[in-house]
């Protein structure tokens, strides 16, 4: 880099942006770009990535084209640049015809220094022609992980950027992202045809962030934990996987916590804009949102980021959690985990990875419908999915439409005044087999996406330093314990205590049962074979069809038969919190002993842990007996009245509807109205009691009963 370039950088940095110096990492990136080198910058959220292309843009002749995936991000960036007197514009689907003409006129006259562009815009010939006629000094690809199928937010439109660069004269290119493993970095380099790139990786570690994972039994636990975090940290983001959960958390918080707003894609543009502006301006201090919110949001004093349920990948989690503490001050990042939440991610996985058979069926449907409707149809993805069958995921149909569009099989255009697109099949007589759709590529993407879910599940069940686990995942060398995550600071819980001899005997018997359920390998280690539920049933001596002969033949079968189902759950929860157990990742997590658990089982070590809910001490027995008498009286009262509790009935009915959607069956297949009324009348809190009710068979017991029991327990507690 020339000496006068360095002087120019310092002057523009001070005059245009008000900074005296660049941060570590920014300096290396800016210098590489000013030297004309292709550059790949991996910098954490809050590391100042946007300045790495905005500053060179003002120091070079011509216009810098910035590829960005989010309209909200573009607007924020353009507004901020214009406020500084920097000529900038954005081109995306939110622009009206007149606004687009003005932006193109500015581009042709050479008045723009920075132009933000949505990736799908590069498919339009007229726009590409005007771009080729302009002096493009730099091409910046923000959120570059979107072009990798190993990335956490793959977008096919990004794949054309390599050819776009050639079309506009091969300007230098900078690709930027906050989270990228080595395989994603290689994908970016290859897809964008980067030439001898400067690869600059700023450390992933965020020393001011305090990571934690809280295992929750249900929503009630999650709501309580969110309120506690909000009361302590005051300002933050609660991320939810679905719009429904956004509104559930918002409804829970806004009555007792001031300054809470919601944000999700189902809201109107005005509603989303209001929530976003309220949070950024500080008028609201907590925003409950889906992952549609946050990319590029410039609020440095976010003190906490809570994930209401597990996200789809480690990359997504770390990027979203990294929006906390951008001012360098301490901040809390917490994941509220319940294994059942993985069903939501599996649903999203199915929606993002349609099978080749679904793509073929959709194509044949469109060919037939178009031939019968004048060459085009105006169906939403929901309507198309219903035409294909009641069990077809509308998200999968939307993804399949994208596959067909990128294969050149169909064209979709907006219909003025309607919230649907017009779809037209190109060359319908050629047949599906003539389309350039790579089955292997679809299957490989599905395999990779499933590995991402498995990785974030392993993180949720991990027991070591949270930040070290994440740094290891991203391939950072010599990662060391952070010293301030929940695991590093782990201390006995408030109700942990020294166990009595009788209590310790119960713990050792339970640990022995876990050990016996595992397979012993040649090196002496234990390989887990079963999940928590089956091991607990084995210890209690349950007689269930789900228990195989191996479990029923173990010496520990029925060794804790005196414990109730609720007590057994409390015991395993206490052992997990005391780090006596290890849980594998994956769709069906398996249980084994931790090294500490093995030592405790052998009697070589003692442990402090909670005895709440499972202890056989006399005092606890008395309390449990009193609780049992109270439940019995409630049951007698309900039987005498003979009518269901209608508030509880409505909760159970809503759960039945959700389960019917989840299993793609009519609601009566989940549970009849008569059985639902019996549940709301008798209010059983254990599986044994519930299974005495007519209509609750083996399938209900094994698949859906636990959801209804959780609702009843929460309701009874309240």
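The values are calculated or read from the model by the stated rules, or taken from the named source; none is laboratory data. Because the structure is predicted, anything quoted here is derived from the model rather than measured. No Cβ is skipped: glycine too gets one built from the backbone with ideal geometry, and neighbour counts run over all protein chains shown.
Anything in segment 277-294 that is modelled with pLDDT of 90 or more, buried (at least 20 other Cβ atoms within 10 Å of the Cβ) and closer than 23 Å to residue 69 by Cα? List them, or say none.
Matches in segment 277-294: 279, 287, 288, 289.
Which residue out of 212, 203 is closer than 30 Å to residue 329 by Cα, at pLDDT 85 or above and outside any helix (DSSP H, G or I)?
Values: 203 fails: at pLDDT 85 or above.
On inspection, the qualifying residue turns out to be 212.
Does residue 297 satisfy the condition of being in a helix (DSSP H, G or I) and either at pLDDT 90 or above or over 13 Å from the mean Cα position of the chain (by Cα) (or both)? Before you say what the answer is, go through the steps one by one.
Working: in a helix (DSSP H, G or I): no; either at pLDDT 90 or above or over 13 Å from the mean Cα position of the chain (by Cα) (or both): yes.
No.
Just to verify a result, which residue in segment 223-246, among those that are in contact (Cβ under 8 Å) with a residue 24 or more places away in the chain and farther than 26 Å from residue 327 by Cα, is surrounded by the most Cβ atoms within 10 Å (Cβ to Cβ)?
My answer is 246.
Out of the residues in segment 48-59 that are assigned to a loop (DSSP other than H, G, I, E, B) and in contact with a strand residue (DSSP E or B) (Cβ under 9 Å, 6 or more places away or on another chain), state the one that is surrounded by the most Cβ atoms within 10 Å (Cβ to Cβ). Give the steps one after another, and end with the answer.
Start the filter on segment 48-59 by keeping residues that are assigned to a loop (DSSP other than H, G, I, E, B), which leaves 48-50.
Next cut, in contact with a strand residue (DSSP E or B) (Cβ under 9 Å, 6 or more places away or on another chain) only: 49-50.
Working: 49: 25, 50: 21.
Of everything passing the filter in segment 48-59, 49 is surrounded by the most Cβ atoms within 10 Å (Cβ to Cβ).
Among the residues that make up segment 20-35, is at least one of them closer than 25 Å to residue 321 by Cβ, touching a strand residue (DSSP E or B) at 6+ places or on another chain (Cβ under 7 Å) and buried (at least 23 other Cβ atoms within 10 Å of the Cβ)?
There is at least one residue in segment 20-35 that is closer than 25 Å to residue 321 by Cβ, touching a strand residue (DSSP E or B) at 6+ places or on another chain (Cβ under 7 Å) and buried (at least 23 other Cβ atoms within 10 Å of the Cβ).
If you check residue 377 against the conditions, is it within 25 Å of the chain's Cα centre (by Cα) and buried (at least 17 other Cβ atoms within 10 Å of the Cβ)?
Details: within 25 Å of the chain's Cα centre (by Cα): no; buried (at least 17 other Cβ atoms within 10 Å of the Cβ): yes.
Taking the combined requirement at face value, the residue does not satisfy it.
For residues that are within 14 Å of residue 508 (Cβ to Cβ) and outside any strand (DSSP E or B), scanning just segment 573-584, find the one that is modelled with the lowest pLDDT. Full working, then the answer.
Within segment 573-584, the first condition is being within 14 Å of residue 508 (Cβ to Cβ), and the residues that meet it are 574-575, 578, 580-581.
Remaining after also requiring outside any strand (DSSP E or B): 574-575, 578, 580.
On the way: 574: 88, 575: 91, 578: 84, 580: 91.
Of everything passing the filter in segment 573-584, 578 is modelled with the lowest pLDDT.
Show me the helices (runs of 4 or more DSSP H) entirely contained within segment 646-718 in which 1 or more residues are out of contact with any strand residue (DSSP E or B) (no Cβ under 7 Å at 6 or more places or on another chain) and within 20 Å of residue 339 (Cα to Cα).
Values: elements: 646-663, 667-670, 673-682, 687-690, 698-703, 705-717.
Those helices (runs of 4 or more DSSP H) span 646-663, 687-690, 698-703, 705-717.
Go through segment 592-613 and give me each residue that's touching a residue at least 24 places away in the same chain (Cβ under 8 Å) and assigned to a loop (DSSP other than H, G, I, E, B).
Kept after step one, since they are touching a residue at least 24 places away in the same chain (Cβ under 8 Å), are these residues of segment 592-613: 592-594, 597-598, 600-601, 603, 606-613.
Scanning segment 592-613 gives 594, 603, 606, 607, 611, 612, 613.
Restricting to segment 435-454, and then to whatever is in a loop (DSSP other than H, G, I, E, B) and surrounded by 16 or more Cβ atoms within 10 Å (Cβ to Cβ), can you tell me which residue is farthest from the chain's Cα centre (by Cα)?
Filtering segment 435-454 for residues that are in a loop (DSSP other than H, G, I, E, B) and surrounded by 16 or more Cβ atoms within 10 Å (Cβ to Cβ), the one farthest from the chain's Cα centre (by Cα) comes out as 435.
Which one of the conditions (1) assigned to a helix (DSSP H, G or I); (2) buried (at least 17 other Cβ atoms within 10 Å of the Cβ); (3) touching a residue at least 60 places away in the same chain (Cβ under 8 Å) does residue 570 fail to meet, given that it meets all the rest?
Residue 570 satisfies all of (1) assigned to a helix (DSSP H, G or I); (2) buried (at least 17 other Cβ atoms within 10 Å of the Cβ); (3) touching a residue at least 60 places away in the same chain (Cβ under 8 Å) except (3).
Residue 485 passes all but one of (1) surrounded by fewer than 17 Cβ atoms within 10 Å (Cβ to Cβ); (2) in contact (Cβ under 8 Å) with a residue 24 or more places away in the chain; (3) part of a loop (DSSP other than H, G, I, E, B); which number fails?
All conditions are met except number (1).
Answer yes or no as to whether residue 579 is on the phi > 0 side of the Ramachandran plot and touching a helix residue (DSSP H, G or I) at 6+ places or on another chain (Cβ under 8 Å).
Yes.
Restricted to segment 23-47, and to residues that are more than 24 Å from the chain's Cα centre (by Cα) and assigned to a loop (DSSP other than H, G, I, E, B), which residue is modelled with the lowest pLDDT?
Once the filter is applied, the top-ranked residue is 24.
Please state which one of 408, 417, 375, 389 is out of contact with any strand residue (DSSP E or B) (no Cβ under 8 Å at 6 or more places or on another chain) and more than 22 Å from residue 352 (Cβ to Cβ). Give the derivation first.
Details: 408 fails: more than 22 Å from residue 352 (Cβ to Cβ); 375 fails: out of contact with any strand residue (DSSP E or B) (no Cβ under 8 Å at 6 or more places or on another chain); 389 fails: more than 22 Å from residue 352 (Cβ to Cβ).
None of the other options fit; the residue is 417.
Assess whether residue 518 counts as being within 23 Å of residue 455 (Cα to Cα), at pLDDT 85 or above and in contact with a helix residue (DSSP H, G or I) (Cβ under 9 Å, 6 or more places away or on another chain). So that I can check it myself, show each step before the final result.
Working: within 23 Å of residue 455 (Cα to Cα): yes; at pLDDT 85 or above: yes; in contact with a helix residue (DSSP H, G or I) (Cβ under 9 Å, 6 or more places away or on another chain): no.
Answer is no for this residue.
Looking at residue 475 and the list (1) in a helix (DSSP H, G or I); (2) touching a residue at least 12 places away in the same chain (Cβ under 8 Å); (3) surrounded by fewer than 16 Cβ atoms within 10 Å (Cβ to Cβ); (4) within 28 Å of the chain's Cα centre (by Cα), which single condition is not satisfied?
Exception for residue 475: condition (1).
Suppose we filter segment 302-338 for residues that are assigned to a loop (DSSP other than H, G, I, E, B) and in contact with a strand residue (DSSP E or B) (Cβ under 9 Å, 6 or more places away or on another chain); how many remain? First the steps, then the outcome.
Filtering segment 302-338 down to residues assigned to a loop (DSSP other than H, G, I, E, B) leaves 302-303, 308-313, 322-330, 338.
Among the residues that remain, those that are also in contact with a strand residue (DSSP E or B) (Cβ under 9 Å, 6 or more places away or on another chain) are: 302-303, 308-311, 322-325, 330, 338.
Counting residues in segment 302-338 that are assigned to a loop (DSSP other than H, G, I, E, B) and in contact with a strand residue (DSSP E or B) (Cβ under 9 Å, 6 or more places away or on another chain) gives 12.
Can you tell me how many residues in segment 42-64 are in contact with a helix residue (DSSP H, G or I) (Cβ under 8 Å, 6 or more places away or on another chain) and under 26 Å from residue 280 (Cα atoms)?
11
So, of the residues in segment 259-275 that are under 15 Å from residue 238 (Cα atoms) and under 18 Å from the mean Cα position of the chain (by Cα), which turns out to be surrounded by the fewest Cβ atoms within 10 Å (Cβ to Cβ)? Step through it out loud before you land on a result.
Restricting attention to segment 259-275, the residues satisfying the condition of being under 15 Å from residue 238 (Cα atoms) are 259-264, 275.
Next cut, under 18 Å from the mean Cα position of the chain (by Cα) only: 262-264.
Working: 262: 25, 263: 25, 264: 22.
Once the filter is applied, the top-ranked residue is 264.
Say we look at segment 488-522 and pick out the residues that are without any contact (Cβ under 8 Å) to a residue 40 or more places away in the chain and in a loop (DSSP other than H, G, I, E, B); which of these is surrounded by the most Cβ atoms within 10 Å (Cβ to Cβ)?
So in segment 488-522, the residues without any contact (Cβ under 8 Å) to a residue 40 or more places away in the chain come out as 488-489, 491, 494, 501, 505, 519-522.
Of the ones still in play, those that are also in a loop (DSSP other than H, G, I, E, B) are 488-489, 491, 494, 521-522.
Numbers: 488: 16, 489: 11, 491: 8, 494: 7, 521: 9, 522: 5.
Once the filter is applied, the top-ranked residue is 488.
Among the numbered conditions (1) surrounded by 21 or more Cβ atoms within 10 Å (Cβ to Cβ); (2) closer than 19 Å to residue 702 by Cβ; (3) within 27 Å of the chain's Cα centre (by Cα), tell me where residue 589 comes up short.
Just one mismatch for residue 589, condition (1).
With the checklist (1) assigned to a helix (DSSP H, G or I); (2) over 12 Å from residue 213 (Cα atoms) in hand, flag the one item residue 457 doesn't pass.
Here residue 457 clears every test but (2).
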